[in-house]
1. In the range 566-601, how many are surrounded by 12 or more Cβ atoms within 10 Å (Cβ to Cβ), under 20 Å from Pro536 (Cα atoms) and of a type in the set (Lys, Arg)?
2. I'm trying to understand the selection: among the residues of the range 89-117, which are farther than 22 Å from Pro390 by Cβ and in contact with a strand residue (DSSP E or B) (Cβ under 6 Å, 6 or more places away or on another chain)?
3. Going through Glu260, Glu304 one at a time, which residue ends up being in contact with a Ser or Thr (Cβ under 9 Å, 6 or more places away or on another chain) and of a type outside the set (Lys, Arg)?
4. Within the range 76-111, work out how many residues are within 29 Å of the chain's Cα centre (by Cα), within 30 Å of Asn35 (Cβ to Cβ) and assigned to a helix (DSSP H, G or I).
5. Quick one: which of Asp418, Asp414, Asp456 is closer than 28 Å to Asn198 by Cα, in contact (Cβ under 8 Å) with a residue 24 or more places away in the chain and among the acidic types (Asp, Glu)?
6. If you scan the range 554-565, which residues turn out to be within 19 Å of Lys585 (Cβ to Cβ) and surrounded by 15 or more Cβ atoms within 10 Å (Cβ to Cβ)?
7. Is there any pair linking a residue in the range 119-132 that is assigned to a helix (DSSP H, G or I) to one that is surrounded by fewer than 19 Cβ atoms within 10 Å (Cβ to Cβ), with Cβ under 8 Å and at least six apart or on different chains, and which?
8. Can you find a residue in the range 335-345 that is modelled with pLDDT under 95 and crowded, with 24+ Cβ neighbours inside 10 Å?
Amino acid sequence: MKLYRAHVLICGGAGCISSGCHAVKEEFIRELQANGLQDEIQLIETGCVGSCDLGPIVIVYPEGVFYQHVTPEDVQEIVNEHLLKGRYVKRKMHRHPSSGEPVVSSREMDFFRHQTRIALRNVGLINPESIEEYIARDGYFALGKVLNEMTPEEVIQVIKESGLRGRGGAGFPTGLKWEFTRKAGGADERTEKYVVCNADEGDPGAFMDRSILEGDPHSIIEAMAIAAYAIGAGQGYIYVRAEYPLAVARMKQAIAKAREYGLLGQNIMGTGFSFDLEIRVGAGAFVCGEETALIASIEGKRGEPRMKPPFPATSGLWGKPTLINNVETFANIPVIILKGAQWFSRIGTEKSKGTKVFAIAGKINTTGLVEVPMGTTLRKIIFELGGGIPNGKKFKAAQTGGPSGGCLTEKHLDTPVDYESLQAAGSMMGSGGLIVMDEDTCMVDVARFFLEFTQDESCGKCVPCRIGTKHMLEILTRITEGKGEEGDLETLEELAKVIASSSLCGLGQSAPNPVLSTLRNFRDEYEAHIKEKRCPAGVCTALKRYEIIPEQCKGCGLCARVCPVQAISGVRKEPYLIDQEICSKCGLCLSKCPFGAIVVK
């Protein structure tokens, strides 16, 4: 086994790939060879590190020095200064947001030091294409333990005692779901059963599952094998959306390696237990994240939900008992088996145990993936891990739970993030999307955006969702266009209640949530759109009004010359005027005025 004096980890998640990490890696290979360091320094491409807006990211161990926004042109300096001379390249290091001083180790960064990583324990630390590196991090030890030391009932009992709940959004107790599936079919042990991993992650801004599949694929394989042993299944399926090509490729490679090592297939570890996995690639329909629609898609049918009961635990794939958990839920399983139910249950709150992974996006200084104990407040996630709101703007709202979640306000910042607290605040956990909005955000437009998404993704099977969401979207669109009418808000609320109470699946039942939460917390903005024909945030184009401040206008005429519709007129050295009837709201005059004389109202 070769020993290295240093390791250079290059983030190889989808985000860093899009920002050019492969070119950085190739330059490192050339520079290490040019300096004769290829036998001293090991170069490793990892999964997503988490802080996506800082990529390409390079972390040098053993010090853990975090270099951000690395370009191929920076590599020679890092090799010469850091790897040869032991001097850090400070200009590329992460800097503390308050002091501006370079942060020596990634472990000292606010983004990382407040996290408790369980589901993400290996992501960004190991080479996801190396089964040996996974095994070196106690990989497949949990599978060995259950196959050699535990009965299926004992495995299920550990998961029940841990308090783990489904991380896909519903929060159903994982151990109970396993128990129901094991007992399905009665005493007949020959009943065919299946294990399914739901990796059809479709929430806007969410990429937790993708990062685990890309960065730690063997953890999902191991967890699914443990689940199969517990419920008595011999076959599993990983349902991944087609938009995740890197995740699919790495999962395929990991499955092949696990078979090669005897960790999948027949007679695993010589115990007589057999289990195998296949990947099914979905077409990207958001509704296929619902378990019965997912099952239909795997079976080759149109991805539409069906009535429940029967639940998949008793009648799932091809009518057989089927266990379905999402990626993050499975990622917790091996650690719980190795460290015990009591260890896991001590993390989090009384009813929400363990940690939760969030994908932070929107108007925030540091976007990316964070994993925190359940019960951590929104304030800590947004302002400590995420670094707060950029450009000195004020926090306005946070959307939790994806397009079906609710918008929480400043008064909710100290809300503990757990299933019950978020629901009580008018939102939901969902799969873990967290979109932050600042003072320049129009909440009516936000509600319209999310409803447009869910309406577009509706499968159309049931009338309330198919027609109700369309009618709600039409009303919201009219309001943002300045055509709102008295009674629109009451109609929205009435439609929302009908859709939520009568839709077939969770997509329709939760689709009105963004509208209801914004109506509850930002009703004044809706009323300004309808009664005053004004968008307080200045976002809705049809409601914008560009005006010239006479006292500041120098009469240069530049605004009139750039106006594409000749809506601006005047005499040189005198204040100009904008004809509101002609103005197309393009904003070109605002961007070109050198004196700041044009404002948006």
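The values are calculated or read from the model by the stated rules, or taken from the named source; none is laboratory data. Note that the structure is predicted; figures quoted are calculated from it, not measured. Note that we place each Cβ from the backbone using ideal geometry, even for glycine, and neighbour counts take in every protein chain shown.
1. Residues that pass the stated criteria total 1.
2. Within the range 89-117, Lys90, Thr116, Arg117 qualify.
3. Numbers: Glu260 fails: in contact with a Ser or Thr (Cβ under 9 Å, 6 or more places away or on another chain).
Exactly one of Glu260, Glu304 is in contact with a Ser or Thr (Cβ under 9 Å, 6 or more places away or on another chain) and of a type outside the set (Lys, Arg), namely Glu304.
4. Within the range 76-111, residues that are within 29 Å of the chain's Cα centre (by Cα), within 30 Å of Asn35 (Cβ to Cβ) and assigned to a helix (DSSP H, G or I) number 4.
5. Values: Asp414 fails: closer than 28 Å to Asn198 by Cα; Asp456 fails: in contact (Cβ under 8 Å) with a residue 24 or more places away in the chain.
The conditions single out Asp418.
6. Within the range 554-565, the subset within 19 Å of Lys585 (Cβ to Cβ) is 558-565.
Scanning the range 554-565 gives Leu558, Cys559, Ala560, Cys563.
7. Ile131/Tyr261
8. Looking only at the range 335-345, we keep the residues that are modelled with pLDDT under 95, and these are none.
Taking every residue of the range 335-345 in turn, none turns out to be modelled with pLDDT under 95 and crowded, with 24+ Cβ neighbours inside 10 Å.
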